[in-house]
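Participant: First, the structure itself, so that you have it in front of you.
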Amino acid sequence: MSSPLATRIIEIIARTQTLSVESVTLDKTFEELDIDSLDRLNIVFVIEQEFDIQVPDDHLVTFNSVREVVDGIEGLVEAVDAAAGDPAASKR
């Protein structure tokens with residue numbers, strides 16, 4: 001079962017790429033979903049707005065699958081929440 005954060009990221013990927021939510025799973029790679037580097041930038045831009053975070057440029061090259069995006073964003077959200085002193089907010 002996916003976390004609420006994973007579900008939101010999957011919904012963002014599906015919406016930005018005009019895909020069905022059912023077709024975007026944690027185990028899908030961007031290649032399988034026909035997502036190119038420009039699409040990745042667009043997805044990350046929407047995620048940054050949605051979660052009010054900044055994704056470092058060096059993270060972008062590590063995102064090759066839905067799971068990698070979820071894991072990377074989860075780590076960034078937790079770090080931001082911890083820095084703000086609000087560990088419960090990671091349940092966003």
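Participant: As a test of the formula, what do you get for the chain when each DSSP H run with n ≥ 4 contributes -39,500 (n - 2.57) and the sum is divided by the residue count, at 222 nm and rounded to the nearest 500 deg cm²/dmol?
Facilitator: That comes out to -17500 deg cm²/dmol.
Participant: Shifting gears a bit: Could you compute the net charge surrounding Gln17? Neighbours are other residues with a C-beta less than 9 Å from the C-beta of Gln17; K and R count +1, D and E count -1. Write down the numbers at each step before the final one.
Facilitator: Details: positive: Arg15; negative: Asp34, Asp39.
Charge balance in the 9 Å sphere: -1.
Participant: Could I ask something else about it? Extending each Cα 7 Å along its Cβ direction at Leu60 and Glu22, get the distance between those two points in nm, one decimal.
Facilitator: 3.4 nm
Participant: Counting other C-beta atoms within 10 Å, and keeping those with at most 11, which DSSP coil GluC sites (Glu not before Pro) do you find in the chain?
Facilitator: Qualifying residues, ordered by number: Glu31.
Participant: Right, something else. Could you give the Stokes-Einstein D for the chain in µm² per second, using the C-alpha Kirkwood radius, 4 °C, 1.567 mPa s?
Facilitator: In µm²/s, the coefficient is 98.
Participant: Moving on to the next point. Based on the Cβ-Cβ distance from Ala84 to Arg15, what FRET efficiency comes out when R0 is 30 Å, to the nearest 0.05?
Facilitator: Once rounded, the FRET efficiency stands at 0.65.
Participant: I'd like the Karplus ³J(HN,Hα) series for region 66-73: coefficients 6.51, -1.76, 1.60, θ = phi - 60°, whole numbers in Hz, and an x wherever there's a Gly or Pro.
Facilitator: Calculated HN-Hα couplings, in order: 4, 4, 5, 5, 4, 4, x, 5 Hz.
Participant: Out of residues 5 or more away from Ser65 or on other chains, whose amide H comes under 5 Å of its own, with H placed 1.01 Å from N in the peptide plane?
Facilitator: Phe30
Participant: Helix 37-51 sits at what angle to the longest principal axis of the chain, using alpha carbons and giving 0 to 90 degrees rounded to 10?
Facilitator: 30 degrees
Participant: Taking the Cα centre of the chain as origin and charging only Cβ (+1 Lys, Arg; -1 Asp, Glu), how large is the dipole, in debye to the nearest 20? List each step's numbers first, then the result.
Facilitator: Values: 7 positive and 19 negative charges, 56 e Å.
The dipole magnitude comes to about 260 debye.
Read-outs throughout are calculated quantities, based only on the coordinates presented, and are distinct from any laboratory measurement. Source: prediction; values computed, not measured. Virtual Cβ from ideal backbone geometry, glycine too; neighbours counted across all protein chains shown.
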